[in-house]
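What follows is calculated from the coordinates using simple rules that are stated; it is not laboratory data. The structure presented is a predicted model; accordingly, all values stated were derived computationally and were not measured. Positions of Cβ are generated from backbone atoms using ideal geometry, with glycine treated the same way; all protein chains shown enter the neighbour counts.
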Ligand code: MOS
């Protein structure tokens with residue numbers, strides 16, 4: 001992997017009560033703030049907590065996908081040595097609100113032993129609580145459930161499809177502009193092609209886990225979450241207690257990918273178990289139990305019709321998606337979104353229909369909708385380019401959207417042309433033969449090159465932060481932000497240190513606890529922009545207070561400097577044009593008799609800007625694959641991605657996100673496929689041996705180019721997200737490279753050797 005680290009990129013100049021200041025903490029490729037702790041095993045993940053008197057809870061899960069539990073051998077389980085209690089619908093604590101009540105779109109309906117119904121395989125049907133993990137697991141086996149089973153509805157053709165009004169968590173199911181039928185009638189070339197993507201599961205290294213302890217009516221919970229405040233609110237509602245009576249600690253997550261965005265049923269069951277036995281309880285999902293109750297990426301079938309004119313410009317783009325959701329909740333993978341924002345066409349039509357399956361409810365999974373839609377759209381664009389006899393990169397450039405296609409809005413910034421150019425140059429795209437099956441390496445392997453465009457919306461949510469300057473001690477910043485492995489702890493601390501004008505190394509920076517200011521959700525690739533803005537504003541607020549103390553105090557060397565430019569840097573406030581005139585923060589506070597000063601800041605999307613501009617991060621990914629002509633074995637041998645996502649706070653962390661996303665792209669194109677038995681509704685490969693994700697040997701030389709992009713509109717700091725974009729583009733680029741190597745177009749993902757040979 002190449003590591004060209006750009007030089008430091010300063011945060012924007014920030015007006016503080018008439019003063020301007022700069023710093024140098026942001027833009028540096030710092031290593032992870034908590035990296036040493038993690039490497040040494042000293043970072044305490046949720047399941048590492050062992051409060052005194054801890055009991056272990058193990059789920060007994062359903063082996064059928066639909067029906068009722070008719071019998072559990074509770075006596076056998078309770079008689080097992082070490083088993084303390086068996087929680088079933090007969091004795092489970094009654095909740096204050098139905099877990100099927102939809103208080104907000106992210107409140108997924110949960111299965112919490114409030115009845116004997118089974119809605120999907122691997123649903124919890126009992127919880128065995130014991131003195132040891134082994135005893136609990138053995139007790140769960142002894143329950144030997146019996147069922148009254150109904151046939152499972154599984155797959156894209158189960159049941160009748162239904163019309164949808166919303167997909168994801170609120171996007172319109174149907175959208176478009178112009179007349180697609182006219183566009184197709186006017187076209188000189190057109191294609192129709194249908195692609196399928198399989199169910200996928202998140203598989204973070206750390207499974208969902210909870211250590212729950214009730215102290216009186218108050219709850220202490222160690223659990224991984226991407227949204228502390230939302231989890232706190234949901235638990236409070238279910239148990240009928242105040243959010244402030246719940247303390248959630250979530251400093252470290254072993255991956256989230258969207259699957260830890262909303263609190264899951266098993267985590268709540270751990271809390272219920274602790275309440276039932278009046279002792280602390282730990283619950284950790286076994287890997288196979290992750291395939292059901294904690295979300296997944298649903299299967300899709302995506303039908304495209306594209307038409308182009310004689311110049312190779314799109315005249316019509318139609319994208320019809322069928323996707324699955326559970327039988328009882330409403331998350332539908334918004335795959336059509338990919339076609340709404342990327343390529344110019346006078347006519348675009350996207351729509352979704354849904355099919356009910358007896359599975360757990362799907363949810364957000366890294367680039368939800370965008371990833372699924374992207375691999376299909378990029379394949380369709382490639383097929384269209386081929387039919388026109390055009391180089392696929394040239395074809396994309398001919399359909400470059402100068403404004404957002406459906407709305408006509410200008411982009412807040414869009415350096416996609418630079419991404420194409422820099423990526424193509426680094427990859428050596430210019431020497432690509434147009435026709436497939438033209439390149440072989442020295443070992444006789446078929447070699448192919450493909451390109452895909454990456455796109456992800458630049459979102460912004462709500463967050464609050466607190467910044468504290470202290471007379472005796474380092475500056476402190478508090479925010480209930482989440483580091484699920486993406487590097488937020490580091491990047492946000494860089495923003496904090498930069499904005500406060502203090503040294504990164506001495507800054508006291510706390511995240512990952514529900515008693516800190518609400519940072520919203522770490523999702524939608526929006527956490528750095530959102531939490532970073534709140535931190536920046538909190539810092540700005542406290543520096544403004546400090547400035548007022550200094551310039552209004554006759555004893556300060558800055559007295560009367562109210563109209564001069566000041567800089568806050570290195571823990572000192574001084575004149576910009578005369579650094580010798582100034583003083584340390586501590587001195588200002590001490591003289592004012594203040595132990596500390598506290599600033600507050602918040603962030604929220606700016607509706608005016610959002611109305612005026614289309615805001616996206618973009619990228620271009622180039623892939624090389626080699627395919628064994630006899631065996632069909634596929635290897636990705638090179639990946640070059642070039643991404644433009646606004647301001648880069650930490651190039652090391654950003655590049656790490658790009659690499660991670662590109663690896664997900666390999667995974668999407670070639671590996672991941674949850675095989676669901678249509679008779680039982682059970683995932684047949686619910687383990688990391690049979691559910692394939694790329695390992696080191698599958699990951700080639702990768703190059704992620706950070707393309708410079710200045711965005712004055714997207715938010716105060718000019719930051720777009722980087723967490724999800726790289727899976728888009730990459731998956732399609734690999735699929736297109738496989739076609740270029742072999743001349744075989746596989747439209748059913750993942751592309752596996754049997755599909756090339758068949
Ligand atoms: Mo992401 S799928 O918004 O955690």
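Brief remarks on what is shown
- Relative contact order for region 162-237, counting Cα pairs under 8 Å that sit 6 or more residues apart, in percent: 13
- Simple label model, 7 Å out from Cα along Cβ direction - residue 103 to residue 78, nm: 3.2
- The chain: antiparallel DSSP beta bridges as a percent of all, rounded to 5: 80
- Between residue 91 and residue 344, the FRET efficiency estimated from the beta carbon spacing at R0 = 60 angstrom works out to 0.45.
- Spin-label model distance (nm) - residue 688 vs residue 70, 7 Å beyond Cα toward Cβ: 3.9
- Based on the Kirkwood approach, the hydrodynamic radius assigned to region 164-269 is 17.6 Å, with every pair of different Cα atoms included.
- Counting other Cβ atoms within 10 Å as a rough exposure proxy, the listed residues 264, 229 run 229, 264 from fewest neighbours to most.
- Footprinting exposure proxy for 406, 129 (fewest neighbouring C-beta atoms within 10 Å first): 406, 129
- FRET efficiency for the residue 628 to residue 708 pair, using the beta carbon distance and R₀ = 30 Å, is estimated at 0.15.
- Rg/Rh (Cα only; Kirkwood hydrodynamic radius) as it applies to region 202-248: 1.00
- Compared with the rule-of-thumb size 2.2 N^0.38 Å for a compact globular protein, the chain has a Cα radius of gyration ratio of 1.00.
- Shape summary of region 31-75, radius of gyration then Dmax from alpha carbon positions: 19.3, 54 Å.
- Computed over the chain, the per-residue total of -39500 (n - 2.57) for DSSP H runs of n ≥ 4 gives a 222 nm mean residue ellipticity of -7500 deg cm²/dmol, rounded to 500.
- Neighbour counting of Cβ atoms within 10 Å sorts the residues 205, 439, fewest neighbours leading, into 205, 439.
- For region 456-575, the Cα gyration tensor yields ellipsoid semi-axes of 30, 14, 12 Å (square root of five times each eigenvalue, largest first, whole Å).
- Extended-chain gain in nm, criterion 0.36 nm per residue less alpha-carbon gap, residue 554 and residue 462: 29.1 nm
- Chain lengthening between residue 157 and residue 610 when straightened (0.36 nm per residue, less Cα-Cα): 159.2 nm
- Estimated FRET transfer efficiency (residue 133, residue 602; beta-carbon r; R0 60 Å; 0.05): 0.90
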